[in-house]
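What follows is a short report on a single structure.
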Amino acid sequence: MNDFYNERRRDRVADREQDRADALAHAEQKRKDDLAAAELRRQDEAEREERDRRARRETDREKARRCAERKTARAALYAKLRGEGDTGGALLVMFCGIIPALYFQLKALNGEHLPAVISLCLAVMLEAGAWVATVAGERAKREGRPTGRFRVVMWACASFAAAINYVHAPGPSGGWLAWVLAAASYAGVFFWEVRGWGRHKTKAGRTKAQRTEDRRRRRHDRKRRRKFRTVYERYTAILAAAPYGSLDTETAWRAAWHDVHRAHLGITADVLAARVAADKALAEAVASAEMTPESVAVELFLADVFTPGTGPDDGPQDGPGGGPDGGPGDGPIGGPGGGRGTATALGRKRKQASGRASSKTPDKPLAEADLDKVRDLADALRDVSKLSVGNVRAAVGGGTNAYLIRLRDAVKAERKSK
């Protein structure tokens, strides 16, 4: 019996322990659930706050954008109003001029016993016709089209209306009121023209340097047209024939000059004739001085090639034969093989002639330096047929006749082969 009660007591104790464990587990689970729910609530709150912040930022950005747009629009409006001040003034003058002009035109037409509707239509026709032409001319100006015809119509309509107001003005004929009423018909279109003058780009819109350059260009063009009429006519014909803007003016002028004169710019038949006459006069003067044009050319060439020195210590002396490096330019200076030209050349260099006969043979190869000198001489003479033993000797500084002849013939052969 005691075992039964003990067993029941142990069961109750175990049940109570199990209940406490279950209660603890339930409390722990509830705590965890509460923590998870709180964390979820915190996350939801954080997400909601982030969404609210984003919405506020987006609202602020949108508000700032709209504010900036309004500010930009206001600035543009103010700038336009500042830039359209002349337009506002012109419109005010137009309104103030149209009202009295219409009134007195209606009064004048009604005085002719016309129906009121007819009088109104005629008066509006005159004033509206002037403004139709004014607006059309303004549009043509903006689009870069001619505006002359529109101005003619505008001023014609305004003049007709002014004549009606002048003739039918109240008071004495031709009095000051008649002139005022006539001016009222002109006021609107006149001040609209004044507005156009202020907006039109004129020379004042350019810099001083640009205006100066334009004046110089126009002056240069007038000189061309005045001095070279035939070339200028051909020049304008070339520009007219070419597609607009495709041909440079200076290129067209060069082409026109070549077509007319068949020469470079500035060269004409008269210029060439004057050059030929000058060459003939020079040849005659040289001949009267017992010199030939070839000798003059050789003298000028040698003056360029053999620059005078300052003394014997200025550089290395020539070789024993009188030529550079003792080459084939040696020979008896002033003797049969030397000649007067050698003495002259050496005299320019302030060097003494050796006076010894050349020991070189005629079969020695031609020196490239001597060939270059003879080539330069041929260029100076402009014709290889003018090469002679004498001027070749002067160019190379002396040498035997056989060597000089070989030099001359070699250069002639080179030029003929070319």
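Structure notes:
- Residues of region 1-93: accessible area per residue with a 1.4 Å probe, Å²: 87
- Debye intensity ratio I(q)/I(0), log10, region 1-146, q values 0.08, 0.12, 0.17, 0.20 Å⁻¹ (C-alpha model): -0.65, -0.87, -1.09, -1.19
- Diffusion constant of region 63-159 at 10 °C, which comes from Stokes-Einstein with the Kirkwood Cα-pair radius and 1.306 mPa s, µm²/s: 97
- Set of aspartates and glutamates with alpha-carbon distance to Lys32 below 17 Å, sequence-local pairs under 8 removed: Asp22
- Long pairs among Lys80/Lys141; Lys280/Lys364; Lys364/Lys386; Lys280/Lys416; Lys71/Lys141; Lys107/Lys141, criterion Cα-Cα beyond 30 Å: Lys280/Lys364; Lys71/Lys141; Lys107/Lys141
The values are calculated or read from the model by the stated rules, or taken from the named source; none is laboratory data. What you see is a predicted model; the values in this text were computed from it and never measured. The accessibility values were calculated without ligands, DNA or RNA, using every heavy atom of the protein model including side chains. Shrake-Rupley method; radii C 1.70, N 1.55, O 1.52, S 1.80 Å.
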